[in-house]
Structure formats: structure tokens, C-alpha cells
């Protein structure tokens, strides 16, 4: 599984980087974007869940104006995989102010687990399988402010672990806030409800991203605070990350 996914990622990246732009456009591909992050604490798509140690994230997006493939690869700093998520997303509605995006993914969450083999306990590295769908309406209030809802439902197909989870959030994005000259700040506060099988609760979190115009490296910190919840996990979760971002636009030839 690990070798297959890494091979797939490598072949996809090589093809997108070195294929002629006109060939990519002919196949409906108009962008290839991504962010590589080194973080002090791996935090999941649902911020209440963490790896609990430093991690490296590879978040990619390739596709057209409406349909995109957005794989997410997360590893511990020792190279051991944590999660692979293979998003397909489609913009159902898209105009200058309002966007409605629907998505679905299969996912694999990896963990060490003790199992019984021939009557004896053995530690094995296993992949837990999940399937999830999302719905995300977003309204752009102004050039720098957007707000919207995000709903995610996940189903687990494992003998152990959660079987059903629901995540509903209200989030706001404050983007391109100029601090000084070319230094900009992005703030993303979020209030959400999380349900995992018979447990549920409310949380609040926010990320702060600092970057420089036309410079690929940025810095981010994220805080997640439990308000009232019976879902197992820490009351307070936070991290600090270094980000490397890139974007390739294939809608027109480079000059």
C-alpha cells in the first residue's frame, strides 16, 4: 500500500510538472497546486484528532475549473504513513460571490495495533478504511472576507474504531490582510459540532497563516479548544507549521 501510493504520487507529480501545458489543457487540466507542510503536531481534517507528534503533510490539487482531484498524504517525521485521503471535489455552483462544493473520498488511516495470530499477540501496522462525503457552501462578503458552512460525514469499515462520524462547522476566512508592505495574514476561525458514534461535542478553533507576496514559504499556527464534548481527546490542541506552496496555471501559455 505504502509503495503503491508513493509511486502514484511520484508519477502524477512528474507528469504534471513536465507535460506541455497545451497537452494538459487538452485533457481538461487547468491547475496543479499544492502545499507541503512540516508541523510540530499532526492535526487531522477534523481538528479534534491529532497524531500527537511532528508530521509532514502533502496536500495537492489537480483539475479544471469545477472538478478536481485533491489527494492528501500525511506522514510522521520518521516516514511512517499516518493517513492517505483521496478527495474528488466538484463545484456545483460557482459565481463571483457564492460557491457550493460537493466532494467524496476514500481514506486510509494507519496505526500500530496488537492482534492475535495463531493464539499469540503480535503488533501489526494496519490500514483502517473510511469513506466520506462533504458539502461546503461559501459566500464571499468582500475581497478579504468569506463565510460559510462545512459538513462532513464519514463511515468506517473496520472491526474496531468509529463507524459513523459527523462534522458540521461554521467558518470565516479573513484573507490577504496586509501587515506591512508585502507581508500578509490569513485568519480562519471556526466553530463546529462533532459526533463520533455515541459521543458528541462542540469545539472552536482558528488558524493563522503568515506569508509574503510572491514567496513560497509561509508560517502557520492552529489552535483547537474543546468547549463541551464527550469525544475522547485533549481539551486543547495546537501546532506550528512551516509551509511551502506552489501553483501551476495551465489555462494559458507561459510567456
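Could you say whether any residue in segment 224-232 is under 20 Å from the mean Cα position of the chain (by Cα), assigned to a strand (DSSP E or B), within 25 Å of residue 36 (Cα to Cα) and touching a residue at least 60 places away in the same chain (Cβ under 8 Å)?
Yes, segment 224-232 contains at least one residue that is under 20 Å from the mean Cα position of the chain (by Cα), assigned to a strand (DSSP E or B), within 25 Å of residue 36 (Cα to Cα) and touching a residue at least 60 places away in the same chain (Cβ under 8 Å).
If you scan segment 65-86, which residues turn out to be crowded, with 16+ Cβ neighbours inside 10 Å and either farther than 20 Å from residue 132 by Cβ or without any contact (Cβ under 8 Å) to a residue 40 or more places away in the chain (or both)?
Scanning segment 65-86 gives 68, 70, 72, 74, 75, 76, 83, 86.
Each reported figure results from applying straightforward, stated rules to the coordinates on display, with no laboratory input. What you see is a predicted model, and the numbers here were worked out from it, not measured in a lab. Virtual Cβ from ideal backbone geometry, glycine too; neighbours counted across all protein chains shown.
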